[in-house]
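Undergrad: The structure under discussion is supplied below as structure tokens; questions concerning it will follow.
The values are calculated or read from the model by the stated rules, or taken from the named source; none is laboratory data. Remember, it's a predicted structure, so these values are computed and weren't measured experimentally. Ideal geometry is used to build each Cβ from the backbone, glycine not excepted, and the neighbour counts take in all protein chains shown. Please note that ligands, DNA and RNA were not included when accessible areas were found on the heavy atoms of the full protein model with its side chains. Shrake-Rupley method; radii C 1.70, N 1.55, O 1.52, S 1.80 Å.
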Amino acid sequence: MNFIEELRWRGMIHDMMPGTEEQFAKEKTAAYIGFDPTSDSLGVGNLVQVMILLHLQQAGHKPFALVGGATGMVGDPSGKSDERNLLDAETLQHNQAGIEKQLRKFLNFDNGENAAEMVNNYDWFKEMSFLDFIRDVGKHISINYMLAKDSVKSRLETGMSFTEFSYQLVQGYDFYWLNTHKNCKVQLGGSDQWGNIVTGTELIRRKSGNEAYAVTTPLIKKADGTKFGKSASGNIFLDPKKTSPYKFYQFWLNATDEDAENYIKIFTLKPKTEINELIKEHQQSPHLRILQKELAKDITIRVHSVEDYEAALNASEILFKTGQEAIDGLKNLPADLFEAIFEGVPQSTVPKKEVENGISIIDLLVTTTHFLSSNGEARRALKENSISVNKNKVNEEDTITFSHVINDSYILLQRGKKNYFVVKVN
RNA sequence: GGGGAAAUACUCAAGCGGUCAACGAGGACAGACUGUAAAUCUGUUGGCUACGCCUUCGUAGGUUCGAAUCCUGCUUUCCCCA
């Protein structure tokens, strides 16, 4: 199956320039995607772009991953309703390094002919003077053309700085540069990048007369129309320090049936037959959550490691069991395994003395652990019957004593089904 | 530069002298039902030493027994005219 066909059945194509498919069919083709260093870690949203590059490489083409050291200094107005704050050079540097490191994990940079390559547009912009830029680049693209872009048009009312206005030219020049120096003929990206990409192909056509192509991916949304890649506690990042592997695993496991079907196509490399098989199995017995489990497993292993996956799976199984079985499971857990499992679950430490004296449940939830932020919230939660201690529901009058401490060292608090908190006693 | 309008909790949005911790909607969280799904129903959504008290309606003052509501200065935003 060729590159474009692969993307197509996975639902990863939003738009494509005429001739793109032929270009990929004709020869080994180089293509690039840019990553903005707005954070020091990629989020799951960026994972779509990473997967595209992976498919590209697997189809025998050559991927370029561009880190936007220069474009990051300008700020892409696409999809933004407000002017962005500029990041300082130090932050950008730090972010670039983080992103580069993550990209290296996914792509093969060392397989000869179609090895992936990492480039940073700062390298070709740092030497360029403003005058050079407006003479060599600006001269080829008309204001009228730039104004017609959605990213600009939508901001004409509310205002936009010259800096952001010029963004499309800067990105356009990237494409031109890669085209002339690296023979890169295609730019890939999210659908919000279409305007910027087309400015690039236009620039290439006018400056060097070459043909250049574009493929964009659809913006991933959840079935209910909300943004993908966020959880209650914020963005889901690939960096385990920002999003623990446990949380990361849970994020995928919590996908709705509908979403899971889409995600497994987009975020895993599993072949079509296997995916169809999984979907069928899932539909036959949806309560087994096969899709979600496979999805979460595959991605967690690829982004983190097999060990991280196993730990997350282990933790999930123990945390989500119910009844006596769950309590026994907790009690039988050796201390070291416990540590590993609950890494990533919020926790705090309480002196043994205090527990021996007995703590009211409200004090425990709020004052000693800060699991909940106010007594009022704690009372509310208790009234809602949503608080459990070691998997047992508790009410407002309950007092926590040493008899609640499991294995001499911890207490497991829970709000609702999915929010856990570990109290360590020592 | 001149004139007008507006700023309310996570967001939108009521309220225009007491009955306002502030209608309503969305969101979020929780409970029931389930499959850690969806849909649905229900509850909660400022704080506290809690049938009471305290702090909140851009900001600083003022009028009043009493203000989110009236007045004044300031800040910000939007609109109209130049």
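Undergrad: Of the residues that make up the stretch A:169-178, is at least one buried (at least 16 other Cβ atoms within 10 Å of the Cβ) and in contact with a Lys or Arg (Cβ under 8 Å, 6 or more places away or on another chain)?
TA: Yes, the stretch A:169-178 contains a residue that is buried (at least 16 other Cβ atoms within 10 Å of the Cβ) and in contact with a Lys or Arg (Cβ under 8 Å, 6 or more places away or on another chain).
Undergrad: Report yes if residue A:5 is part of a helix (DSSP H, G or I) and surrounded by fewer than 17 Cβ atoms within 10 Å (Cβ to Cβ), otherwise no.
TA: In short, yes.
Undergrad: A further question follows. Go through the stretch A:150-164 and give me each residue that's open to solvent by 30 Å² or more (accessible area, probe 1.4 Å) and either within 27 Å of the chain's Cα centre (by Cα) or polar (S, T, N, Q) (or both).
TA: Within the stretch A:150-164, A:150, A:154, A:158, A:161, A:163 meet the criteria.
Undergrad: Could I ask something else about it? Just checking, does the stretch A:307-316 include any residue being among the small types (Gly, Ala, Ser) and more than 14 Å from RNA strand B (Cβ to nearest atom)?
TA: No, the stretch A:307-316 has no match at all.
Undergrad: Being in contact (Cβ under 8 Å) with a residue 12 or more places away in the chain, exposed (fewer than 14 other Cβ atoms within 10 Å of the Cβ) and polar (S, T, N, Q) is the filter here; which residues of the stretch A:322-356 pass it?
TA: Across the stretch A:322-356, the qualifying residues are A:322, A:348, A:349.
Undergrad: Hey, among A:315, A:311, which residue is out of contact with any strand residue (DSSP E or B) (no Cβ under 7 Å at 6 or more places or on another chain), open to solvent by less than 10 Å² (accessible area, probe 1.4 Å) and among the aliphatic types (A, V, I, L, M)?
TA: A:315 is the lone residue from the list that is out of contact with any strand residue (DSSP E or B) (no Cβ under 7 Å at 6 or more places or on another chain), open to solvent by less than 10 Å² (accessible area, probe 1.4 Å) and among the aliphatic types (A, V, I, L, M).
Undergrad: Also: Please verify whether the stretch A:366-380 includes one or more residues that are in contact (Cβ under 8 Å) with a residue 60 or more places away in the chain and surrounded by 15 or more Cβ atoms within 10 Å (Cβ to Cβ).
TA: Among the residues of the stretch A:366-380, not one is in contact (Cβ under 8 Å) with a residue 60 or more places away in the chain and surrounded by 15 or more Cβ atoms within 10 Å (Cβ to Cβ), which makes the answer no.
Undergrad: What helices (runs of 4 or more DSSP H) completely inside the stretch A:29-126 contain at least 2 residues that are open to solvent by 30 Å² or more (accessible area, probe 1.4 Å) and free of Cβ contacts under 8 Å to residues at least 24 places away in the same chain?
TA: Filter on the stretch A:29-126 gives A:89-106.
Undergrad: Which of the residues that make up the stretch A:226-246 are more than 11 Å from RNA strand B (Cβ to nearest atom) and over 16 Å from residue A:47 (Cα atoms)?
TA: Those that are more than 11 Å from RNA strand B (Cβ to nearest atom) and over 16 Å from residue A:47 (Cα atoms): A:234, A:241, A:244.
Undergrad: Would you confirm, using the coordinates I've provided, whether residue A:302 is of a type outside the set (A, V, I, L, M) and within 16 Å of RNA strand B (Cβ to nearest atom)?
TA: Taking the combined requirement at face value, the residue does not satisfy it.
Residue-wise test of (1) open to solvent by 20 Å² or more (accessible area, probe 1.4 Å); (2) closer than 22 Å to residue A:49 by Cα; (3) free of Cβ contacts under 8 Å to residues at least 12 places away in the same chain.
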residue: A:236; (1), (2), (3): no, yes, no
residue: A:245; (1), (2), (3): yes, yes, no
residue: A:258; (1), (2), (3): yes, yes, no
residue: A:263; (1), (2), (3): no, yes, no
residue: A:266; (1), (2), (3): no, yes, no
residue: A:285; (1), (2), (3): yes, no, yes
residue: A:288; (1), (2), (3): yes, no, yes
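Undergrad: While we're on this one: Quick check on the stretch A:387-426: of everything there that is open to solvent by 20 Å² or more (accessible area, probe 1.4 Å) and among the hydroxyl-bearing types (Ser, Thr, Tyr), which residue is nearest to RNA strand B (Cβ to nearest atom)?
TA: Result: A:399.
Undergrad: Right, another one. Mind counting the residues in the stretch A:355-386 that are near RNA strand B (Cβ under 8 Å from one of its atoms) and assigned to a strand (DSSP E or B)?
TA: 0
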